[in-house]
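The values are calculated or read from the model by the stated rules, or taken from the named source; none is laboratory data. These numbers come from a predicted model, not from an experiment. Every residue, glycine among them, receives a Cβ derived from its backbone with ideal geometry; neighbour counts consider all protein chains shown. All accessible areas refer to the heavy atoms of the entire protein, side chains included, with ligands and DNA or RNA removed. Shrake-Rupley method; radii C 1.70, N 1.55, O 1.52, S 1.80 Å.
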Amino acid sequence: MSATDVLTPSPSRPERATAVRAELARRTRSFTELAQAVRSAGLNDRTQWFYLALFGGLMTALAGAVVGFVLLRDSWFQLLIAAALGVIFTQFAFLGHEASHRQVLASGPANDRLGRVLANVFVGISYSWWMNKHSRHHGNPNRVGKDPDIALGNVAFTVEDAASTTGLRARVVRRQGWLFFPLLLLVGLDLHQASIRSLFARRHVEGRALEISLIAARLAVYLGMVFWLLPVGMAFAFLGVQLAVFGAYMGASFAPNHIGMPVVPADERLDFLDKQVLTSRNVAGEWWMTALMGGLNFQIEHHLFPSMPRPHLRRARDLVRQHCREHDVTYTETSLGEALAIVVRHMDDVGLAASRSFRCPTGAALGRP
């Protein structure tokens with residue numbers, strides 16, 4: 001029985017349903033064996049030396065950018081500093097993502113404290129918002145109605161969502177393949193506004209007062225320096241470049257992970273291995289790809305073992321690929337260029353399919369297409 005069969009069972013046939021249940025149980029047992037092999041290889045052990053060196057390198061880069069910013073003063077070369085800050089803030093976001101998954105330090109509370117500082121102070125987004133959103137994604141990747149990462153927003157990831165859009169959003173969605181890379185430039189702004197809005201929502205938010213205070217202090221220091229040292233027009237250009245680079249880098253790093261992979265219906269039954277592997281895509285490359293994408297290039301291994309430190313993901317990949325080969329589970333890995341091309345084609349296909357399925361309400365009322 002193939003992995004595709006598990007993804008699309010036929011509940012109308014009792015014998016088929018029985019076979020699917022047996023396959024689910026078998027794959028659950030197989031994942032237990034894989035997890036034991038990973039533990040035996042020591043791949044879940046902390047690598048604090050790596051993260052200490054990474055944090056030190058990022059702090060050095062940030063200090064260099066700040067010194068360059070102060071020395072350049074009123075110069076359009078400041079836009080290079082802005083671009084560098086966009087890259088540095090994204091790398092801090094990768095590190096915060098790893099802390100949120102308990103990959104960095106030994107204890108959960110210590111990782112949470114580190115993650116909150118990295119998210120609030122260095123990146124400027126809400127840690128509690130990120131934890132809520134990202135935990136739901138990991139629990140049900142690409143599952144309709146449960147994965148917030150494929151919910152309808154500025155773009156649509158399913159034909160049904162695309163067909164439901166109206167007004168300006170509909171015009172964007174129907175061209176979202178062509179607009180994909182320009183829209184990435186707005187991802188940074190969207191992340192900031194969504195996370196800050198969540199802190200003022202009428203619901204319980206853990207650490208609300210602390211996060212508001214930390215983000216407000218960051219904004220005061222950052223914006224104060226920019227508008228104090230630069231003319232107003234140059235200051236806005238600086239912020240625009242920094243946010244655009246941050247958004248494009250974040251978007252281009254996360255988009256290849258799941259977009260264009262199978263979308264799971266809300267009522268579909270999948271075991272943990274299939275749920276995580278069939279909906280995820282790895283990006284091939286050497287150590288520099290891992291550094292560039294903050295370990296997100298090993299998306300399959302990250303979803304199977306979310307607390308595994310970044311330095312161990314490559315070794316885990318060998319074990320997971322072999323396991324998937326032996327158990328007939330489709331394992332997807334492409335180059336970064338190919339992954340982005342698949343993403344753009346998928347977004348374009350969704351928008352075009354919605355356009356073809358669109359019917360004018362007035363025409364429908366008159367019985368015409």
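In nm, give the distance between the simple-model label positions of TRP288 and ALA217, each being 7 Å from the Cα along the Cα-to-Cβ direction. Here the modelled spin labels are 3.9 nm apart. Which percent of the Cα-Cα distances in the chain go past 35 Å? Percentage above 35 Å: 31.
Positive end of the dipole of the chain (Cβ unit charges, origin at the Cα centre): among LEU292, LEU184, ILE342, the Cα lying farthest that way belongs to LEU184. Local charge for TRP287 was computed over the other residues whose Cβ lies under 14 Å away, with Lys and Arg +1 and Asp and Glu -1, and equals +3.
The label-point distance for SER75 and ASN154, in a model that sets each label 7 Å from Cα toward Cβ, rounds to 3.2 nm.
Stretch TRP228-HIS138 to full length: gain in nm at 0.36 nm per residue minus the Cα-Cα span?
Details: separation 90, 0.36 × 90 = 32.40 nm, distance 4.19 nm.
My answer for the length gained is 28.2 nm.
Scanning the chain for DSSP H helices at least 24 Å long along the axis (C-alpha atoms) with a Kyte-Doolittle mean no lower than 1.0 picks out 48-72, 78-100, 208-229, 232-254.
Taking a ≥ b ≥ c as the square roots of the eigenvalues of the alpha carbon gyration tensor, segment 278-356 is prolate, as a/c is not under 1.5 and a/b beats b/c. Each other residue within a Cβ distance under 11 Å of ALA255 adds +1 if Lys or Arg and -1 if Asp or Glu, for a net charge of 0. When the alpha carbon gyration tensor of segment 116-182 is reduced to an equivalent ellipsoid, its three semi-axes come out at 27, 16, 9 angstrom, largest first.
Segment 197-238 to segment 123-172: how many Å between their Cα centroids? Here the two parts' Cα centres lie 24 Å apart.
Please report, as a whole percent, how much of the solvent-accessible surface of segment 225-367 comes from carbon and sulfur atoms (probe radius 1.4 Å). The computed percentage sits at 62.
Please work out how much length the chain gains when fully extended from ALA266 to ARG46, using 0.36 nm per residue of separation minus the C-alpha to C-alpha distance, in nm with one decimal.
75.7 nm
With the simple model of a label 7 Å out from the Cα in the direction of the Cβ, PHE236 to ARG197 spans 2.3 nm.
The stretch between ARG29 and GLN322, if pulled fully straight at 0.36 nm per residue, gains 103.9 nm over its current Cα-Cα span.
Summing charges over all other residues whose Cβ lies under 10 Å from the Cβ of LEU199, with Lys and Arg as +1 and Asp and Glu as -1, gives +1.
Inter-part distance, segment 86-117 to segment 270-331, computed on C-alpha centroids, equals 20 Å.
Beyond 24 Å, what share of the Cα-Cα pairs of segment 158-297 is found? Please give it as a whole percent. Result: 55 percent of Cα pairs exceed 24 Å. Using the alpha carbons alone, the radius of gyration of segment 222-325 stands to its Kirkwood radius in an Rg to Rh ratio of 1.17.
Each peptide in 259-270, 56-67 gets a packing score, the mean of other Cβ atoms within 10 Å over its residues, and the list from highest to lowest is 259-270, 56-67. The Cα atoms of segment 68-161 give a gyration tensor whose axes a ≥ b ≥ c have a/c of 1.5 or more with a/b no greater than b/c, which makes the shape oblate.
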